[in-house]
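FYI, it's all coordinate maths here, none of it is from the lab. Every value quoted in this text rests on a predicted model; they were computed, and no experiment measured them. Note that each Cβ is placed from the backbone with ideal geometry, even for glycine, and that neighbours are counted across all protein chains shown.
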Amino acid sequence: MGNTLTFIAEHDVPYGTGGGHDLLLDVLRPNVPLEPARPLVIWVHGGGWQGGERDPSPNGPLASRGFVTASISYRFSQEAIFPAQIHDVKAAISFLRANAARWGIDPDRIGIWGGSAGGHLSALAAVTGDRPELEGVGGNPGHSSRVQAAVPLSPPTDFLVDWGSTSEYPRHPEVDAVIPSLLGGEPGSSSEVDARARLASPIHQIAGRIPPILVMHGTQDDLVPISQARTFVEALLDHGAEASLLELPHDDHGLASVFGETFDLPDAPPTPAMREIIEFFERTLGPVDGNAGAL
């Protein structure tokens, strides 16, 4: 059966403050009644923590399956170094949970996904739910920043290792610019920077209850080594978490086989890799309203 859903989009919704200005998000959801409540999936864009935009987002296929979706902006490293970025992501999660009824969201079923820098922030959010030192002050106190599932794509997960030494590719020149900008210095340059690098590394923050995590990474990624994904998933499994890695053998850092033509096109057919993501969120976040089952 064809897709009979239409969609409601809301843009430029303030979700918190950072650096003295509003932080914004967009919502894309099916045009259906707000009850029964549906799971939410949040997209975190990439761009080396220095750029990128929340719109367009690849949330369309998820909205087509009946999910409420959001795409968020966050402060770039030129404005504020880490942990400002994860503070903002967590503020968005707690805002959406606090305002769940406004969009028909089930506050107990929230997932997150993102690519590259957004993959890093998605992974970090997943392993540090409600961690006080990463909560910041721009969110909604009293509302959890935990997520119930995560799909990090091409994620940096460890800033304390030399990426060039763990990759078949030479260290990419971009790495020498974006990591010091994020951390306020090159790892190894001072104890303060190293402490920040450890706090920013999802692999070094695995503790407590971890939600299910599906990592996707291209084997031909010459920017973020696939070893970052492999060691992260191994550490999650050692911790007892539900975690898996889908290696995409023909993909570089951009993961073309995931996105295809899905950006900003709710009706675009999902790629096989995108279907894996949809099925993961359907399994881990539970069913959406029955209307989506016919899509």
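Tabulated values for the structure
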{"quantity": "For the chain, built as a Gaussian network whose Cα springs stay under 10 Å, the top-fluctuating residue of P173, P83, P270", "calculated": "P173"}
{"quantity": "Rounded D (µm²/s) - the chain, Kirkwood Rh over Cα pairs, Stokes-Einstein at 25 °C, 0.890 mPa s", "calculated": "130 µm²/s"}
{"quantity": "Stokes-Einstein D for segment 45-175, Kirkwood Rh over Cα pairs, 4 °C, 1.567 mPa s (µm²/s)", "calculated": "83 µm²/s"}
{"quantity": "At 1.567 mPa s and 4 °C, Stokes D of segment 107-264 from Kirkwood alpha-carbon radius, µm² per second", "calculated": "80 µm²/s"}
{"quantity": "Proxy reagent accessibility, fewest Cβ within 10 Å first, across R54, R275, R29", "calculated": "R275, R54, R29"}
{"quantity": "Structure-based [θ]222 nm, the chain - -39500 (n - 2.57) summed over DSSP H runs of at least 4, per residue, nearest 500", "calculated": "-8500 deg cm²/dmol"}
{"quantity": "Ratio Rg/Rh, restricted to segment 174-226 and using Cα atoms, in which Rh is the Kirkwood radius", "calculated": "1.04"}
{"quantity": "Volume per residue that the Cα convex hull of segment 187-286 spans, once the total is divided by residue count, Å³", "calculated": "135 Å³"}
{"quantity": "Principal axes of segment 1-65: Cα extent on each, largest first, Å", "calculated": "45, 24, 17"}
{"quantity": "Mean Cα-pair separation over length for segment 152-254, i.e. relative contact order, pairs under 8 Å, 6 or more apart, %", "calculated": "35 percent"}
{"quantity": "Listed residue (L153, A91, I277) projecting farthest to the positive dipole end of the chain, Cβ model", "calculated": "A91"}
{"quantity": "Among G138, G260, G46, residue whose mean-square fluctuation peaks in a GNM of the chain (springs only between Cα atoms under 10 Å)", "calculated": "G260"}
{"quantity": "Lys, Arg +1 and Asp, Glu -1 on Cβ, resulting dipole of segment 8-285 about Cα centre, debye, nearest 20", "calculated": "840 debye"}
{"quantity": "Charge dipole magnitude, Cβ of K and R +1, D and E -1 - segment 145-275, Cα centre, debye nearest 20", "calculated": "540 debye"}
{"quantity": "Average Cα contact separation per residue, the chain, under 8 Å, 6 or more apart, as relative contact order %", "calculated": "20 percent"}
{"quantity": "Between segment 64-112 and segment 176-231, the alpha-carbon center distance in angstrom", "calculated": "21 Å"}
{"quantity": "Highest average packing first - 64-70, 202-208, Cβ atoms within 10 Å", "calculated": "64-70, 202-208"}
{"quantity": "Burial ordering of D158, D252, fewest other beta-carbon atoms within 10 Å first", "calculated": "D252, D158"}
